[in-house]
Amino acid sequence: MRFKSEIKFALLAVLVLAGYTLLAWQLGWHDKDFTNAQHAKKVAAVAFAGSIWLAVRERRERRQAGFIEFEEAFQTGMVVSAIAAFANGAFTAFYSRVLNPGWLQRAWEWEKAGLVALGKTEREMGRPNAIANFSDNLWFQLLLDPLGAVIMGMILTTAIAAVLRRKRV
């Protein structure tokens, strides 16, 4: 199978992100106080970077005798990013609709209370409110949020491919 290691490491990233989400839910980070839940983007970046790094290294060491061109490493990283992003989007949609419905709205209410405490007006909260309402949309979770993750993956892949490439002499 051509993309065996890419699929394997993409699923690893999804398992890490799903595990973090479920852990946050069980610890109550998705109920009333969302202070710790704000670290999800950092966890996602680490999970993506780690899975891309592992996939590129495996391709270089096991399938290409210790050598890999930048383009090949970039392709591997992008496949991992795309699979992980869209699979994680599907998990997020499932989590938001089945396991913990309404958690995004509760997160917005928590953030809104913090903004009000800082003296922000309703008008100043218009954009964050629109983003909060839109992020609960199924199309956002299945398409737009994963596209953003693919872009993040592209940036990470570029750096990782540049570091791990080894040309044949």
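The values are calculated or read from the model by the stated rules, or taken from the named source; none is laboratory data. In this text the structure is predicted, and so the values were computed from the model without any measurement. We place every Cβ from the backbone using ideal geometry, glycine too, and count neighbours over all the protein chains shown.
Tell me, yes or no, whether the range 61-76 has at least one residue that is part of a helix (DSSP H, G or I) and under 30 Å from Ala113 (Cα atoms). No, the range 61-76 has no match at all.
Restricting attention to the range 125-169, the residues that are at pLDDT 70 or above and either surrounded by 12 or more Cβ atoms within 10 Å (Cβ to Cβ) or under 29 Å from Phe94 (Cβ atoms) (or both) add up to 28.
Could you figure out which of (1) surrounded by 16 or more Cβ atoms within 10 Å (Cβ to Cβ); (2) under 20 Å from Phe140 (Cα atoms); (3) of a type in the set (S, T, N, Q) isn't true of Gln38? All conditions are met except number (1). Only residues that are surrounded by fewer than 19 Cβ atoms within 10 Å (Cβ to Cβ) and closer than 22 Å to Arg168 by Cα were counted in the range 50-64, giving 7. Checking the stated criteria, Lys4 turns out not to satisfy the condition of being modelled with pLDDT under 95, under 14 Å from the mean Cα position of the chain (by Cα) and charged (D, E, K, R).
Taking the numbered list (1) within 20 Å of the chain's Cα centre (by Cα); (2) surrounded by fewer than 17 Cβ atoms within 10 Å (Cβ to Cβ); (3) aliphatic (A, V, I, L, M) in turn, Ala47 passes all entries but (2).
Within the range 1-27, how many residues turn out to be surrounded by fewer than 14 Cβ atoms within 10 Å (Cβ to Cβ), of a type in the set (A, V, I, L, M) and within 18 Å of Arg62 (Cα to Cα)?
Looking only at that region, the number is 1.
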